[in-house]
Amino acid sequence: MNHSLITTEILVILLGLGVLLADLWIRPESRPALGWLAASLLGCILALSLGALTPHDGSAFGGMYVLDGLARYFKGFFLLAGILVILMTVEFRHRLPVGLSEFFALTLFALAGMLFAASANDFILMFVSLELITVTFFVLNSFQRARLPSLEAGVKYLILGGVASAFMIFGIALIFGSANTTNFSLVAAQQAQLAANPVFLTGLMLVLVGLGFKIAAFPFHLWAPDVYQGSPAPATAFLSVGSKAAGFVLLLRVLFGAVPQITSQWQVLLMVTAAITILYGSLCALPQRNFKRLLGYSSIANAGYLLLGVAAESRTGSSAVLYYLGGYFFTVLAIFTVLCSLSSTIDNDEISALNGLGRRSPFLAAALSIGLVSLAGIPPMVGFFGKFQLLAAVLEAARLAPAFYVLLGVAVVGVVLSLYYYFNVIRAMYWGDAPAGVSLIEVSAPARIALLVCLAGVLYLGIAPGGLLRLADGAVAGLKFSPAHAPSVVTAAH
Amino acid sequence: MDAHVAHTAVEAVKAVGDSGTKLQDLAWAVLFFPLVCALGTLLFARKDRMLAVGFNIGGVVLSFLLSFVLFAVYGGQRIDCTPFQWLPLEGLNATMGLHLDGLTTVMLLVVTGVASLVMIFSTGYMKDDPGYCRFFMTLSLFVFSMLGIVLADNLVMLFVFWELVGVSSYLLIGFWHEKPSAGDACKKAFLTNRIGDFGFMLGILLVWAACGTVNIGGIELAIAKDPHVLGATASLAGLLIFMGAMGKSAQFPLHIWLPDAMEGPTPVSALIHAATMVAAGVYMLCRLFVLYTVPAAWPASLDFLGGLNAATVISWIGGFTALLAALIAIQQNDIKRILAYSTLSQLGYMVMAVGLGAGLATPNPSAGMYHLVTHAAFKALLFLGAGAVIHACHHEQDIWKMGGLREKMPWTFATFGVGTLALVGCPLFAGFYSKDAIFATALESNPVLFGLAVAIACMTTFYMCRLVIVTFFGSARTESADHAHEVAGSMKWPLVALAVPSLMIAWLPLGDFLAGHFDAHYHSHGGDVLFGPFNHNALAAFFGLFAFMLGVSAAFAVYWGRSKDPLPAKLGQLSRAMRNKFYFDEIYEAIVVPVHDAAAAVADWLDRWVIGGLGVRGVTGVADFAGRALRLVQTGSIQTYTFLFAAGVVVVALLALK
């Protein structure tokens, strides 16, 4: 047993508890400072976790928990996201009249759940860490208790999340019943027999349903627009970055760690899901007037793009998923940081509220534009290179299964549609008339720093993608891809 | 010839091989000085007249001096300057490289020399114009583009600068853009040129496809190796390339833009229509002359053209243009338009000479090139002289409203006289020698065109003497002509400076130099340069002299002492047709405009209903409708969501477990 592997998680949980305790003694005015402190301590944990805290890879708790390249990649990702979300929350405090410290603490607990998810090598740990994330988000989403939409978002997430969890735990029960284990590695060892076992397949399918809910893939995406629209902006940001990434890391671990052979039989299912998710998200985003709801649909469409890399079932595809998530992280956080900075002056989330932002705050407008342009996948932003990597993986897969060309076409249609709805927002900012009697918008120093970090990430990773790409490629080295796709899959695709 | 071309190309390749900064890289400076000056004016001297003038004249004069250095050092040597990679595409590999040889250095001197004098003249002529600095900046830009054409070592680069000349001439012709006629004229020039350029581009593509390179040295090498390398498209490629020259050098049927382009300021006319832009076509033909030395060949579908050579077509088009323009010039009354048609006619001459040169025993286009150089000097002089006259007569351009300017503007009269004598081919003056070279070429190559050339020379003398007699002799016929006085020094001295080469340039062995460039085995006919024509081909020289004398005596007989043109009464309908430019503009309007309108209407319909309606609006409509329809699924009702979630599980289960 090697308990020292979970030092990072323990430190994050302790930090969360510390924040809760500290809140008992400090004055309400200094709560933002508490956020600063938490963010900087998280920064220290991030710096340490990269090397000193957990220098060696390994597994713990009977193989339930692993620390490998993939886990390290995502742990870094989640910690950085946690820091930025806490900074964002400080910026958003005007809309959170009570319980700012609790918001910090809950964010840290959700972060701990994500950290565990990154290392989960067992269906049970997977479920527990996902529940830790989901349950904290029930609270985070409905944090603005006085606002009805926020409460509504929380309730919807609660009920649908509950349904998804129910399916998942039922699936895990079936898996345990048929495989007699819940450990990924042990399942992988006997997948040849299990592949023909309908009980196991049903269980696996239900687990994937639960993960589909986390990443907002069709047809389990229905919660996303309502919850994105109603939740407080920092919670939405964390949901779309952290929670989605947690879903994807688990998806990769299950599909390519536990059951790569069965996955290759389900390639068509993954392709269909990816295609419909892209089209659904893009089409629904077209008529949106509410910016946060638009981002909800955009997040569905992006889940679809990420599924392209999963459906490719190759090392290129999986490393493209990791790279895309890295770029998506900076892009989305930049957009939500702008929303949080606007929260003190603009009191609704309609796109029309952004009219004339180009003149009211050139910096925020430029930052938001860069974020949106990156989401739309235009060079030299990171969004372009991420999509490029995913499509390259799809093209590579198309050599074996020509049906992937259809997927490529769908992705291109989705990108074209996305140009329309993202640029609609940019048009409002620069060509829309500002409402009469509004003033310039001040941007606080922390928001400025967070934005500059995000924009630097968006531009740097877009121009010099090599570093992150190598990192992502190294991270997926442990995954197993079924060497040859079953020919039946190819014919079934036609 | 072939062996010589091979030698050239080998040398060219060698020169590219051993790179390193050398004296020949000064050519880059020659090219870029004017551009730097134009940019400098744009950035720093948009308001400061002195600075703008200093910048731009300084830049062009420096270019001239450097060209002179290059000419003095290298003479007729063929040298390639260090190139740099531009488009390293597979199979194209266009470099940015400059090429120097006898032809290009002479052309460099012509372009920069005339441009310098025109700019100096402009300081006086444009004195009161509000767009003074812009004018000089655009002139510099124009010179830069023109030098690019001269120096380019490959067709892609040549084409880029070719288009740049088109753009900068557009800016110059439309310089007084507030005048609707200037706006129309610059559009007309640009569009007409574009038609030619399109053919030019197709020609470049054909040559590239056949030779596998766009480097001119490489093309010469390929053709030297195998004269049939261009295959069945040899004549077609030659004619398509010639289309470019047809646009820039205003050959029939694309000649219509040049007379209208007189809407630009007169110095612009002097620069564009004497020494540079219109000469570009002829220069390009000479530069790519190797394409016209190959045997005629046509694709199977055009087999009926048989052995028709591209060069033959070119010489006939040139001859026809020359005749047409000379006839029109006889009955024009606007001083600038007479000169414009005279330019057209002389350009036709040069093109004809290049075409005829390909028919010689040893193909050699140097007669056309020689005439280009002398023409550049005396036509620039004539245009600037006309500018001085117009300036002095308060922008009056009708020669019948002038008269008697001889005493009032003695300097202008004297220099204009030199220019006229040079143009009409008076012995001792430059034009006599270059025209004689053309006559000799024609006599050897095509006797019919020789007859035509002599007739045109006769007409040229007639209309130019008419112009001089009506403008400078007799008595002033209007008040503005009566009050005319000599122009200021800044305008006078450039005239004098141009009068010198108009008289004396042929006293240098320039013709032999150019002929030697195209034919390494060429040797001079010996004897004194001044009497060279009579030694070389006495028949041609005597016909030239005869045409000159006939024209002069006819003009004096008709126009001496007249205050009204007697010809309209005598010639009747013919005179009216000449005055109306044989109704080309009207014919084009009647044919081209309806066809164009019909095509535009069809394109508009397609764009509006098929592309816009079905394509764009159809697709956006479907997408929008789908979006709105799908939105209905998001009812917000949690019962619906849960139901759909469960239904989704069932669907996935069916798909996964089938």
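The values are calculated or read from the model by the stated rules, or taken from the named source; none is laboratory data. No experiment lies behind these values; they were computed from the predicted model shown. Cβ atoms come from the backbone with ideal geometry, glycine included; neighbour counts cover every protein chain shown. The accessibility values were calculated without ligands, DNA or RNA, using every heavy atom of the protein model including side chains. Shrake-Rupley method; radii C 1.70, N 1.55, O 1.52, S 1.80 Å.
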Self-check item: Charge context of residue B:243, other residues only, Cβ under 12 angstrom, K/R +1, D/E -1
Solution: +1
Quiz item: For the peptides A:252-262, B:488-498, A:399-409, B:114-124, what is the packing order when you average, over each peptide's residues, the other Cβ atoms within 10 Å and list the highest mean first?
Solution: B:114-124, A:252-262, B:488-498, A:399-409
Quiz item: With the calculation restricted to Cα positions, what are the radius of gyration and Dmax of region A:266-494 in angstrom?
Solution: 19.0, 66
Self-check item: Residue among B:380, A:357, A:183 farthest towards the positive dipole end of the protein assembly as shown, charges placed on Cβ
Solution: A:357
Quiz item: Which percent of the accessible heavy-atom area of chain A goes to carbon and sulfur, probe 1.4 angstrom?
Solution: 70
Quiz item: So which lysines can residue B:22 reach, going by Cα to Cα under 20 Å and dropping same-chain residues fewer than 8 places off?
Solution: B:14
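Which whole number gives the average count of other chain Cβ atoms within 10 Å of the Cβ atoms across peptide B:622-634?
Mean partner shielding for this stretch: 6.
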Quiz item: Taking Cα atoms, how many degrees apart are the long axis of helix A:69-91 and the longest axis of chain A, rounded to 10 and kept between 0 and 90?
Solution: 20
Quiz item: Tell me which lysines have Cα within less than 27 Å of residue A:156's Cα, excluding those fewer than 8 residues away on the same chain?
Solution: A:214, A:244, A:292
Quiz item: What net charge do the residues around residue B:572 carry, taking every other residue with its C-beta under 14 Å from that of residue B:572, with Lys and Arg at +1 and Asp and Glu at -1?
Solution: +2
Quiz item: Do you know which residues of region A:115-162 lose at least 10 square angstrom of accessible area in the protein assembly compared with their chain on its own, with a 1.4 angstrom probe?
Solution: A:156, A:159, A:160
Quiz prompt | Principal-axis tilt of helix B:132-151 within chain B, Cα atoms, nearest 10 degrees | solution = 90
Quiz item: So how strong a dipole does the protein assembly as shown carry about its Cα centre when Lys and Arg Cβ are +1 and Asp and Glu Cβ are -1, to the nearest 20 debye?
Solution: 1820
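Using unit Cβ charges (K, R positive; D, E negative) and no other charged atoms, how large, in debye to the nearest 20, is the dipole of region A:266-494 about its Cα centre?
160
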Quiz prompt | Separation in nanometres of the label points that stand 7 Å from Cα toward Cβ, at residue A:477 and residue B:25 | solution = 4.7
Self-check item: Sequence-separation-based contact order of region A:266-494, relative, with Cα cut under 8 Å and 6+ spacing, percent
Solution: 30
Quiz prompt | Simple label model, 7 Å out from Cα along Cβ direction - residue A:181 to residue B:519, nm | solution = 9.5
Exercise. From largest accessible area down, sort B:630, A:96; use a 1.4 Å probe on the protein chains.
Key: B:630, A:96
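If you wrap a convex hull around the Cα atoms of region B:539-650, how much volume per residue is inside, in Å³?
288
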Quiz item: Accessible area, 1.4 Å probe, largest first: how do B:562, B:46 sort?
Solution: B:46, B:562
Self-check item: Exposure ranking of B:395, B:517, B:523 by accessible area [1.4 Å probe, largest first]
Solution: B:523, B:395, B:517
Quiz item: Ballpark to the nearest 100 Å², how much total accessible area do A and B bury together, probe 1.4 Å?
Solution: 2400
Self-check item: Peptides B:328-341, B:637-650, B:583-596, B:302-315 ordered by average Cβ neighbours within 10 Å, highest first
Solution: B:328-341, B:302-315, B:637-650, B:583-596
Quiz item: Once the other residues with Cβ under 10 Å from the Cβ of residue B:99 are scored (Lys, Arg +1; Asp, Glu -1), what is the net sum?
Solution: -1
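For chain B, which whole-number percentage of the solvent-accessible area (1.4 Å probe, protein heavy atoms only) is attributable to carbon and sulfur atoms? Provide the component values of the computation, followed by the final result.
Details: 17780 of 25430 Å².
Looking at chain B in its full context, I get 70 percent from C and S.
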Quiz prompt | Ratio of the Cα radius of gyration of chain B to 2.2 N^0.38 Å, where N counts its residues | solution = 1.12
Quiz item: Which residue, chosen from A:416, A:446, A:476, occupies the Cα position most advanced towards the positive end of the dipole of region A:266-494, where the dipole is computed from +1 (Lys, Arg) and -1 (Asp, Glu) charges on Cβ about the Cα centre?
Solution: A:476
Quiz prompt | Distance from region A:182-253 to region B:537-565 (C-alpha centre basis), Å | solution = 99
Quiz item: Relative to the longest principal axis of chain B, what angle (0 to 90°, nearest 10) does the C-alpha long axis of helix B:430-445 take?
Solution: 70
Practice problem: With all protein chains present, calculate the accessible area of residue B:605 using a 1.4 Å probe and round the result to the nearest 10 Å². | Solution: 140
Self-check item: Sites residue A:463 and residue B:583 - FRET efficiency at Förster radius 60 Å, r taken between beta-carbons, to 0.05
Solution: 0.45
Quiz item: Can you give the mean number of other chain Cβ atoms that lie within 10 Å of the Cβ atoms in peptide A:273-285?
Solution: 3
Self-check item: Calculated from backbone phi, Karplus (6.51, -1.76, 1.60) coupling profile of region A:341-355 in Hz, x at Gly/Pro
Solution: 5, 7, 4, 7, 10, 10, 9, 9, 10, 5, 5, 5, 5, 8, 3
Self-check item: Number of partner chain Cβ atoms within 10 Å, mean per residue of A:259-266
Solution: 1
